[in-house]
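The values are calculated or read from the model by the stated rules, or taken from the named source; none is laboratory data. Note that this is a predicted model, so its numbers are computed, not measured. Note: ideal-geometry Cβ built from the backbone for every residue, glycine included; neighbour counts use all protein chains shown.
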Amino acid sequence: MVSSKARVQRFNQANAPLHVKRKMLSAHLSADLRKEYGIRSARVCKGDTVVVVRGNEDIRGSEGKVLAVYTQTGRVAIEGITIAQADGSAAERPIHASNLVIVKLNLDDAWRKEALSKKKEAKE
């Protein structure tokens, strides 16, 4: 971001292209993962296990698997965290990625596993 004005930053973030918004979907790693991989944060992916560290008391401290990642809005749907709709049914509650801490990474993707190991080697 170039501007220091809050409204310009909000505008640029909302209207950023998807390849830039994808990078905004990162969350801090837990202390164990931080030591293991030598990095502070990583992008949240479907299948990661996360803990909610900020938000309402009813969801704070909740742990669950990531069901979906919404790149357009910068939010994440987590297993077991729902909100009641007007008709009484439960719907998934999207939570902003910055309010999460990744506890367990989904390493099914070979490219992601390789990228994490490369970052670790570069630090050493």
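Here are the numbers for this structure:
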item	result
Residue within the stretch 5-16 that is surrounded by 16 or more Cβ atoms within 10 Å (Cβ to Cβ) and at pLDDT 95 or above present	no
Of residues in the stretch 70-91 being surrounded by fewer than 16 Cβ atoms within 10 Å (Cβ to Cβ) and among the charged types (D, E, K, R), the one nearest to L18 (Cα to Cα)	E79
Members of the stretch 11-43 that are over 17 Å from L116 (Cβ atoms) and among the basic types (K, R)	K21
Restricting the stretch 1-30 to residues that are in a loop (DSSP other than H, G, I, E, B) and closer than 25 Å to E79 by Cβ, the residue that is nearest to the chain's Cα centre (by Cα)	L25
Output for the stretch 93-120, where each listed residue is part of a helix (DSSP H, G or I) and touching a Ser or Thr at 6+ places or on another chain (Cβ under 9 Å)	A97, S98
Qualifying residue in the stretch 44-54 (condition: within 30 Å of K118 (Cβ to Cβ), polar (S, T, N, Q) and assigned to a loop (DSSP other than H, G, I, E, B))	no
A77 of a type in the set (G, A, S), at pLDDT 95 or above and under 10 Å from the mean Cα position of the chain (by Cα)	yes
Criterion (assigned to a helix (DSSP H, G or I), of a type in the set (A, V, I, L, M) and either in contact with a strand residue (DSSP E or B) (Cβ under 7 Å, 6 or more places away or on another chain) or surrounded by 17 or more Cβ atoms within 10 Å (Cβ to Cβ) (or both)) met by exactly one of L67, L33	L33
Some residue of the stretch 50-62 being under 21 Å from M24 (Cα atoms) and touching a Cys at 6+ places or on another chain (Cβ under 8 Å)	no
Pairs where the first residue, in the stretch 85-104, is within 18 Å of R54 (Cα to Cα) and the second is surrounded by fewer than 16 Cβ atoms within 10 Å (Cβ to Cβ) and among the charged types (D, E, K, R), C-beta under 6 Å, 6+ apart	N99/R54
